[in-house]
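These notes are about the structure you will find just below.
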Amino acid sequence: MTAVRDPHPCLACGACCAAFRVSFYWGEGPERGLPEALTERVNDFYACMRGTWRAAPRCTALQGEVGQATQCSVYAARPSPCREVQPGDSQCTAARARHQLAPLALAQSELESRCTTIPA
Ligand code: SF4
Ligand code: SF4
């Protein structure tokens, strides 16, 4: 019998894409191939994902409904902050709380996997 794995929790979340300013050294954008229209300048050194520098942040690259089903439209080119957040870490927990989502309760093996919001 083949075991059926549960879908990755990020596929039904996306909260960390709609909770913080996602800022990074501006040179990362062109280096990774991020469309310039999806970023905005913070200062001479930093840019951020457009839509995340506001009181109710939501990255314009995020598709879907937070807490239901979401997808990153630029997954392969996403900047370093998006690559650093881990399912179940403190940023994840804070982001989920902001959207009234409970903290993840995952096995250690799952906690070690990277955020997958979400390979298209
Ligand atoms: S890392 Fe956490 S907050 Fe971000 S999409 Fe995955 S489960 Fe949601
Ligand atoms: S993972 Fe994608 S949708 Fe989420 S903040 Fe980063 S670029 Fe935006």
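Observations on the structure shown:
- Candidates VAL42, VAL22 - the one that is closer than 20 Å to GLN91 by Cβ, touching a Cys at 6+ places or on another chain (Cβ under 6 Å) and more than 9 Å from ligand 2 (Cβ to nearest atom): VAL42
- Total residues in region 25-39 satisfying the condition of being open to solvent by 30 Å² or more (accessible area, probe 1.4 Å) and either more than 14 Å from ligand 2 (Cβ to nearest atom) or part of a strand (DSSP E or B) (or both): the figure is 4.
- Flag for THR52 being polar (S, T, N, Q) and over 24 Å from PRO103 (Cβ atoms): no
- Within region 49-98, the set of residues being charged (D, E, K, R) and outside any loop (DSSP other than H, G, I, E, B) comprises GLU65, ARG83, GLU84, ARG96, ARG98.
- Hey, CYS16 surrounded by 20 or more Cβ atoms within 10 Å (Cβ to Cβ), outside any loop (DSSP other than H, G, I, E, B) and of a type in the set (A, V, I, L, M, F, W, C) or not: yes
The values are calculated or read from the model by the stated rules, or taken from the named source; none is laboratory data. Remember, predicted model here, so these are calculated numbers, not experimental data. Cβ coordinates were reconstructed from backbone atoms using ideal geometry, including for glycine residues, and neighbour counts include every protein chain displayed. Remember, those area values only see protein heavy atoms, side chains included, never the ligands or the DNA or RNA. Shrake-Rupley method; radii C 1.70, N 1.55, O 1.52, S 1.80 Å.
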